[in-house]
Structures are given as C-alpha cells and as structure tokens.
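FYI, it's all coordinate maths here, none of it is from the lab. This structure is a prediction, so every number in the text was calculated from the model and none was measured. A quick note on method: Cβ atoms are made from the backbone with ideal geometry, for glycine too, and the neighbour counts reach across all protein chains shown.
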Amino acid sequence: MQHQAIGIFDSGIGGTSIWKEISVALPNENTIYLADSKNAPYGKRSKDDIIALSIKNTEKLLELNCKIIVVACNTATTNAIKVLRSTYDIPFIGIEPAIKPAALHTKTKKVGVLATKGTLSSELFAKTSDVYTNNIEVIEVIGTGLVELIEEGKIDSPEMHTLLTSYIKPMIEKDIDYLVLGCSHYPYLIPILRKILSDKVTIIDSGEAVARQTRVILDANHLLNSSSKTGTHNLYTNGDVHTLKSMLRSNTVAHTVSSLDF
Ligand code: DGL
C-alpha cells in the first residue's frame, strides 16, 4: 500500500500548483494528477454537479490504485469533500482559502479573498470565515473568468491584467494588507498580482500547507512510502496536453504528461 501513488485532482491545470509543492516536499512518493480541464471551470457549477465530478475523478484515481486523494481544488473541497469522505474509505486532503493566517496577522484588519463563486458561496467557507474573522472586514471577490483564461494559457495576457486589476482595485481601496488566493489556479497569477499590489500586501496561498498536511495524514495512516527511490509522477488531462505541459515547463521534478479520458 505504501508504494501506491498519491492521487491528486483539480478542475484543470491549476492544481499543479499543489502538485509542485507535494512533489518537492515528499520526494519519495509517487503521484498521479488528474486535470479535469474538459469540465472546467467548476466554480460556476451547482453543488450537485461539483459533487458528481469529484466522485468521477475519485473513482478514476481509485481505479489507478491511489492510496490517498488530495482534492487540489478549493471549489471541489468546499462543496464535495464531506460527501467524498463519507463515501470512500481512503483518506482525503482538501484545500480551502487560507483565511486563518491572514486573519491572525492582518494589521489593517482588512483581508481580501479572491476565489470562485462556488467556493465563496459554500457552507464550509462561510463556517471557516465566521470562526476566524471576528472584528475583521473580509473583502470577498469572485474571480469570474480567471480560471478560463488560465486554462486557455492566457496568463500574462492584456485581458488577464485588465480583469485582475478590476478585481483587486476594490480591495486596495479598502486598504487590505493580506490577499488570500482561494483557488489553486491563482498562484500562477502571483507575478501579475505583485505588479498590481503594493509591497505591504502579503499574498497567501495554501499549497505548502496542503503538502505539509498530506505528510501528516500519510504518516498517521502508516502510508508514507519508505522507499529511498525518487518517486514517479504521472499527470493526465482530458483537455489539451500542451497547456498542461506548458504549466510544468520550468519544473525540475521529472514527470510525464499524457491524455486520458475520464
Ligand atoms: N482550481 C479550482 C479551485 O481551486 C478552480 C475552480 C474552477 O474550476 O472554477 O477552486
């Protein structure tokens, strides 16, 4: 069981931001990544749809013999992880907007959260936000269109700059000092966001925390791979292979990218 892969899925290529953290933090683990680009974006879909797609991805990762599943998508986590955990026996790791560290450290008491509609309207997000944001103003903005542009490979495009500026401007006007990226696609936007935001705004994403938690849960379940060999990494997409490859171009961890129907 220990030698089986860590399964990771996202609505598309964005969850590779999480895969990168995991493959570096756990170098002896094997991983299988599913990019459900054919069905992206999840953020506009109904909760029932998001649950059905999350089940489909989980079934595929189980068929591929994974020992644990990382839901590398905030939208799928906040809408479907409860159902996944109650349906399947293996452990699931989720990703949620990292509102807690932002709320603990903000000095202006104003925190921005950029996420999908599906995440911001979920019960799980509302609950987490309620627990940590007493006396703090949270400026929530839906990143409509951002996932689509990233999936089309238009990260550093004029459309992206215009759209991002329009979403971030109201947060700057409110004097935020923390910006929480509540979607696993958005870490790819950090270089552009850094141009829009002043240095006093800290950007937080959840990638490293998810990798840490994955190690903790593997360990607690006696599932850590004890092999001293470097892990293998197979990434699959039901969308455009070239777009997924281009996201990983500068990546130093050896991996393969292929097409898969799921
Ligand atoms: N990467 C997904 C997330 O973290 C994107 C959601 C979408 O497909 O809209 O929420």
Ratio Rg/Rh [Cα only; Rh per Kirkwood] for the chain: 0.95
Treat each spin label as a single point 7 Å out from the Cα along the C-beta direction, and report the Met1 to Ser226 distance in nm. 1.4 nm
Any idea what angle helix 123-132 forms with the longest principal axis of the chain, computed on alpha-carbon atoms, 0 to 90 degrees, nearest 10? 60 degrees
Give me the distance between the Cα centres of the range 58-90 and the range 92-167, rounded to whole Å. 22 Å
Determine which aspartates and glutamates satisfy two conditions relative to Lys60: a Cα distance under 16 Å, and not lying fewer than 8 residues away in the same chain. Asp10, Asp36, Asp89, Asp261
Calculated [θ] (222 nm, deg cm²/dmol) that DSSP helices of n ≥ 4 give over the chain, each run adding -39,500 (n - 2.57): -12500 deg cm²/dmol
Of Thr243, Thr78, Thr16, the one that fluctuates the most in a GNM where the chain has Cα springs shorter than 10 Å: Thr243
XL table Lys38/Lys110; Lys47/Lys195; Lys44/Lys127; Lys107/Lys169; Lys20/Lys67; Cα-Cα > 28 Å flagged, in table order, is Lys38/Lys110; Lys47/Lys195
Compactness check, the range 147-242: C-alpha Rg relative to the 2.2 N^0.38 Å globular estimate gives 1.43
Mind checking which aspartates and glutamates have their C-alpha under 12 Å from Lys100, skipping anything on the same chain fewer than 8 residues away? Asp130, Asp205
Would you kindly derive the ³J(HN,Hα) couplings of the range 94-107 from the backbone phi angles with the Karplus curve 6.51 cos²θ - 1.76 cosθ + 1.60 (θ = phi - 60°), listing them in order in whole Hz, with x for Gly and Pro? x, 10, 10, x, 7, 6, 4, x, 5, 5, 6, 9, 5, 9
Asp199-Lys117 FRET efficiency (beta carbon distance; Förster radius 22 Å; 0.05 resolution): 0.15
Tilt, helix 16-25 to longest principal axis of the chain (alpha-carbon atoms), in degrees rounded to tens, equals 60 degrees
Within 10 Å of each residue's Cβ, count the other Cβ atoms and sort Lys154, Lys195, Lys100 from fewest upward. Lys195, Lys154, Lys100
HN-Hα couplings for the range 27-43 via Karplus (6.51, -1.76, 1.60; θ = phi - 60°), in whole Hz with x for Gly/Pro, come out as x, 8, 8, 8, 10, 10, 10, 10, 9, 8, 4, 4, 9, 6, x, 7, x
Taking Cα atoms, the helix 74-87 axis meets the longest principal axis of the chain at an angle in degrees (rounded to 10) of 40 degrees
Selected from Ala211, Ala25, Ala220 as most flexible by GNM, with the chain as the system and alpha-carbon contacts under 10 Å: Ala220
Spelling it out for Ile93: with amide H atoms placed in the peptide plane at 1.01 Å from N, the residues 5 or more places away or on another chain with amide H under 5 Å from its amide H are Ile69, Val70, Val71
